[in-house]
Amino acid sequence: MINIKLKRMQNNDILLLRQFGQLNWSRMIFLSAMKRYYLILLLFISISVSAQDTIRIKLHGSGTNGSGWSLTGNQATLPGNNFIGTTDSAGLIFKTNGIQSGFLDFVNFNASYGLSSLLLNTSGKHNTAVGASAGPDNTSGNQNTFLGWNAGGGIISGNYNTIIGANITGLDPSLSNNIIIADGQGNRRINVDSLGNVGIGTTDTKGFKFAVNGDGIFNRIRVKPYDNWPDYVFSKYYTLPDLEDLEIYLILNNHLPGVPSAADISRNGIDVGANQTILLKKIEELTLYTIEQNKKSAQQQLEIDNLELQLKKLQSVVEKDRSTQTDSQ
């Protein structure tokens, strides 16, 4: 690094630095912008600059609205005129300690902020990385969002991912269309795979739309079964299973017809909607059995009442006969 102190002319001077040919030296030519002021200084220094390189340095002007950008703060800036950035399509790179710490890519529309974030990207487009080493392995993946330190480690060519959390590594190189939310230690708390299946506390939903590894509590839950709701049990065309046949089935199978066995539940779990449908069907069948039993009981009670009435009549006749015989004696 060579520090050069210059006394400003009465106009903002421009420094043009160019090396001609492949010599290991360059000329620094200071030219006044106004014809009436001039100063030419030839300075030979031992630096290497290519023949096509041109560096333009505009010196600071005096006053609060100078033409330079101060490192200690600026005043009276105009958003349309004063800014940090470029005026062409070249990318803008920020560095700390000589290491890339930010990159704004106008050509492929990538944006990164953080030490070494999105550092290996070569052909990937529309990626966003925020955090030190975010998107550390991405080279050709497109439209990924990496948020957090070391977020998205392992993804090389995968597309359309959203990775949120620190130290999320070991991901498949071609992982695509996933959403991952992790804590600060990289523990994946919520996962949404490419099919839209959601896992909480698990990355394997077993093909289900929603999987929870743990307990859950709800104020209200609504399950919409796909099977027909068993109101057909009350149809006049529905035939109730014979109780004797049902007894034989229970002896042989140890569970009601249509109800999953203990082995089925242990192997496949419970389909809540289907199970509610089955249970309601059994309740409705039990209701019909109860109604039928009540009718039989009512009929039996009527017969009992008739028998009691006949018995009373017989008892009355017998008592009358006894009374008559007594009087005759």
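The table below lists the values:
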{"quantity": "Net dipole in debye of the stretch 255-311 [+1 Lys, Arg Cβ; -1 Asp, Glu Cβ; about Cα centre; nearest 20]", "calculated": "260 debye"}
{"quantity": "Pairs from Lys209/Lys236; Lys236/Lys296; Lys236/Lys295; Lys224/Lys281; Lys295/Lys320 whose Cα-Cα separation, in the structure shown, is over 28 Å", "calculated": "Lys209/Lys236; Lys295/Lys320"}
{"quantity": "Relative packing of 175-188, 194-207, 243-256, 75-88, which averages over residues the other C-beta atoms within 10 Å, highest first", "calculated": "175-188, 194-207, 243-256, 75-88"}
{"quantity": "Spin-label proximity, Thr169 to the stretch 134-159 - amide N less than 14 Å from point 7 Å beyond Cα toward beta carbon", "calculated": "134-138, 149-155"}
{"quantity": "Only Lys, Arg (+1) and Asp, Glu (-1) charged, at Cβ; the stretch 112-206 dipole about Cα centre in debye", "calculated": "100 debye"}
{"quantity": "Leu252/Lys224 FRET efficiency (R0 30 Å; Cβ-Cβ; nearest 0.05)", "calculated": "0.30"}
{"quantity": "Alpha carbon convex hull of the stretch 230-319, projected area averaged over orientations, nm²", "calculated": "8.9 nm²"}
{"quantity": "Spin-label model distance (nm) - Thr139 vs Asn108, 7 Å beyond Cα toward Cβ", "calculated": "1.1 nm"}
{"quantity": "Length released on extending from Leu279 to Val192, taking residue separation times 0.36 nm less the Cα-Cα span", "calculated": "28.0 nm"}
{"quantity": "The stretch 271-329 versus the stretch 133-184: alpha-carbon centroid distance in Å", "calculated": "76 Å"}
{"quantity": "Sum of side-chain charges, Asn127 neighbourhood, beta-carbon under 13 Å (Lys, Arg +1; Asp, Glu -1)", "calculated": "-1"}
{"quantity": "Fully extended contour minus Cα-Cα distance, from Asn213 to Asn306, at 0.36 nm per residue", "calculated": "26.9 nm"}
{"quantity": "Rel. contact order, % - alpha carbon contacts under 8 angstrom, at least six apart, the stretch 230-319", "calculated": "34 percent"}
{"quantity": "Long-range amide H partners of Arg189 with built H, under 5 Å", "calculated": "Ile181, Ala182, Asp183"}
{"quantity": "FRET E, pair Asp264, Tyr237, Förster distance 25 Å, beta-carbon r, rounded to 0.05", "calculated": "0.25"}
{"quantity": "Partner aspartates and glutamates for Lys313 [C-alpha distance under 15 Å; skip if fewer than 8 residues away on the same chain]", "calculated": "Asp305, Asp321"}
{"quantity": "Highest average packing first - 128-137, 313-322, 99-108, Cβ atoms within 10 Å", "calculated": "128-137, 99-108, 313-322"}
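We did not get these values from a lab; they are worked out from the coordinates using the rules stated. As the structure is a prediction and not an experimental result, all values here were calculated from the model. Note: ideal-geometry Cβ built from the backbone for every residue, glycine included; neighbour counts use all protein chains shown.
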